[in-house]
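Just so it is clear, none of the values below were taken in a lab; they were calculated from the coordinates. From a predicted model like this one, the values you see are computed outputs, not experimental measurements. Ideal geometry is used to build each Cβ from the backbone, glycine not excepted, and the neighbour counts take in all protein chains shown.
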Amino acid sequence: MKKIIASILVTVSLSVKSQVIIGDNAGSVPANSNAILSFSSENMGIVLPIINSATETASSNNVVRVPGTLYVSRADKQIKVYMLPTTQNSTGLLPLTPTLPAAVTLPTANTAAESTQNAGVIIGAQTTSQKGILVLENDKKTLVMPSIGTRTNPPHKAIKSPYIGTIGFAETDNVVFPTTKPSKKLLWVFNGGNKSINGAGQWHLWRAGAELPPTGVIDQNYLDSLP
């Protein structure tokens, strides 16, 4: 009961604010007029929900077929983002991580008794037609991803035990072109599992454009080489 009451109070308070900051009680994070939601912590990212196969492939009222939706696919063991379909991508889905090995077991989903179809938080409006655990309703403001590391303490070191679907932003030292481009800003996505299993327990990095290390692969060895 306490959890339900807390959720209701959060929903009411968030819907009337122009900007919501998570992780800062002292008001030390400067207000950003272009942000509807931002974060202050440097060692905690957003953890995306794991969506079951029946929900992901539903022919009607499909909750993932909304542009901008981020989630973990239980069926494919991938982190995905949904965009509008194009001639190059008819499904509109873009995997942010490769499929995990069969040896990796995803966390158990909630039972029907623990979940509700209408659960979630809306920021920026009193109501929404979209279904999601967190829905941002504003056509003039954006989500500012949490900063989950620094140049001296990148995410793979700052976050000791990341959970599958952990996502955030970090500016890290550029070991490939340290002179011409001393740092690079990247979106970091954790694919889940333990790195003792080949292909699991890895951070996957995204940025505008392509910039690969000499091996052509951004893997755990590449991350370990970062200062």
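Could you tell me which residue of region 58-93 is surrounded by the most Cβ atoms within 10 Å (Cβ to Cβ), considering only residues that are of a type in the set (Val, Ile, Thr) and over 17 Å from the mean Cα position of the chain (by Cα)? If you could, list the steps in order and put the result at the bottom.
Taking region 58-93 as the starting set, the residues that turn out to be of a type in the set (Val, Ile, Thr) are 63-64, 66, 69, 72, 79, 81, 86-87, 91.
With the extra rule that they be over 17 Å from the mean Cα position of the chain (by Cα), the set shrinks to 86-87, 91.
Working: THR86: 9, THR87: 5, THR91: 11.
Looking at residues that are of a type in the set (Val, Ile, Thr) and over 17 Å from the mean Cα position of the chain (by Cα), I get THR91.
Can you tell me how many residues within region 45-73 are charged (D, E, K, R) and either assigned to a loop (DSSP other than H, G, I, E, B) or closer than 30 Å to GLY149 by Cα (or both)? Walk me through how you get there before you give the answer.
Step one: filter region 45-73 for residues charged (D, E, K, R), giving 56, 65.
In the following step, the residues that additionally are either assigned to a loop (DSSP other than H, G, I, E, B) or closer than 30 Å to GLY149 by Cα (or both) were identified as 65.
Residues flagged as charged (D, E, K, R) and either assigned to a loop (DSSP other than H, G, I, E, B) or closer than 30 Å to GLY149 by Cα (or both) within region 45-73 amount to 1.
Just to be sure before I move on: is ASN43 touching a residue at least 60 places away in the same chain (Cβ under 8 Å), touching a strand residue (DSSP E or B) at 6+ places or on another chain (Cβ under 9 Å), surrounded by fewer than 18 Cβ atoms within 10 Å (Cβ to Cβ) and polar (S, T, N, Q) in the structure I sent?
So ASN43 fails the test.
Filter region 120-159 for residues that are charged (D, E, K, R) and over 13 Å from GLU171 (Cα atoms) and give the result.
Of everything in region 120-159, those that are charged (D, E, K, R) and over 13 Å from GLU171 (Cα atoms) turn out to be LYS131, GLU137, ASP139, LYS140, LYS141, LYS157.
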